[in-house]
Amino acid sequence: MRIMTGRTLLGGARALMLCGLLAVPALTPAALAAQSSGDTSAQSVSRADLIRLLGRLHEDNAVRADLSALGFSGAKLDLAVQHAKDMLSDPVIAGYIADRVLAVRDGSVVPVARAQGLLWTVIDEGLGHLPLRDLRYYYQVEQVVLGAMPQRICGRAVRGDLAPDRMAEETARAAARLNFEGLRNYYRIQLRAAQLGAQRGAAQLPPQRAARAEAAIFGVVTRTIAAREDAARVMGSFANLDRASDRDACIAGKVFIDAVLTLEGRELQDALIQLSTP
């Protein structure tokens with residue numbers, strides 16, 4: 001089993017839960033320009049225009065309606081809508097998104113496909129800068145959400161077979177079932193990760209620490225699998241994840257994240273930083 005198989009497994013799970021932003025799907029240059037200036041000419045849109053637009057997107061009643069349809073209600077619905085506002089009106093995060101949308105417009109190295117997922121990217125880039133307490137909690141919530149998914153969706157998520165919009169929708173449905181305090185704390189961590197990602201870029205471990213983290217992940221996952229009655233089947237799923245059934249892929253993903261979260265201290269922190277590296 002290659003250690004990169006583990007990273008691929010969590011790659012699906014790691015995209016979880018931009019729940020409060022799910023209803024803001026069109027962060028492309030043309031779409032932003034159209035909303036800002038009434039046409040699809042991105043050339044006329046400035047950085048300040050984009051930041052102002054991002055700060056207003058949460059005001060659309062469709063955000064609340066879409067989140068409600070996904071299972072958010074009462075105080076949790078209010079919390080999710082507020083999270084969208086906090087994320088999109090934060091000057092650091094909005095500036096990050098605006099700069100990269102404009103970079104696409106100006107023909108620099110940021111591809112359009114990445115611009116469409118900038119909110120996902122900036123959170124991913126900031127995760128490794130979080131203190132261990134918050135980083136562990138972030139992955140514990142992902143663990144809960146993965147466990148709450150229907151098995152057929154879980155398996156596809158683990159394999160990375162779901163389109164980003166479908167992934168966001170399915171994980172939002174699962175996240176809507178979290179308790180209020182859990183969701184609030186998760187959103188707090190997510191906002192901080194986005195700010196850190198916008199300010200610092202992706203965290204990178206030095207090569208020797210990265211190698212030790214990979215070895216720790218490999219070791220704990222291997223030991224966890226070996227202790228299971230279905231060890232051969234789970235190991236087979238890791239070795240041939242693309243061909244595993246949804247059930248087997250889902251089990252493999254859960255085993256992986258459960259195993260990693262049994263690590264402690266610096267070993268856990270480095271493992272989660274390594275897994276958080278985009």
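Miscellaneous remarks
- Note on ARG56: accessible area approximately 120 square angstrom, rounded to 10, probe 1.4 Å, nucleic acids and ligands left out.
- Computed accessible area, ILE251, all protein chains, 1.4 angstrom probe, square angstrom: 30
- Using all pairs of distinct alpha-carbon atoms, the Kirkwood hydrodynamic radius of region 45-276 works out to 19.2 angstrom.
- Simple spin-label estimate for VAL144 and LYS85 in nanometres, 7 Å along Cα-Cβ: 2.4
- Residues ASP248, ASP242, sorted by accessible area with the largest first, give ASP242, ASP248 [1.4 Å probe; ligands and nucleic acids excluded].
- Rounded to the nearest 0.05, the FRET efficiency derived from the C-beta distance between SER46 and GLU264 at R0 = 41 Å is 0.25.
- Gyration tensor verdict on region 222-278 (Cα atoms; rounded if a/c is under 1.5, prolate if a/b is larger than b/c, oblate otherwise): oblate
- A crude spin-label estimate for the pair GLN199 and ARG177, with each label 7 Å from Cα along the Cβ direction, gives 3.6 nm.
- Only protein heavy atoms count here; under a 1.4 Å probe, SER68 has an accessible surface of about 60 Å².
- About the Cα centre, charge dipole magnitude for region 177-244 (Lys/Arg +1, Asp/Glu -1 at Cβ), debye: 280
- Accessible area per residue in Å² at 1.4 Å probe, computed on region 45-276: 45
- Put a dot 7 Å past the Cα of ARG188, heading toward its Cβ, do the same for SER245, and the two dots end up 4.3 nm apart.
- Remark: region 126-275 carries a charge dipole of roughly 220 debye about the Cα centre, counting +1 on each Lys and Arg Cβ and -1 on each Asp and Glu Cβ.
The values are calculated or read from the model by the stated rules, or taken from the named source; none is laboratory data. This one's a predicted model, so the numbers in the text were calculated from it and none came from an experiment. Cβ: placed from backbone, ideal geometry, glycine included. Neighbour counts: every protein chain shown. Areas reflect the complete protein model, heavy atoms only, side chains present, ligands, DNA and RNA absent. Shrake-Rupley method; radii C 1.70, N 1.55, O 1.52, S 1.80 Å.
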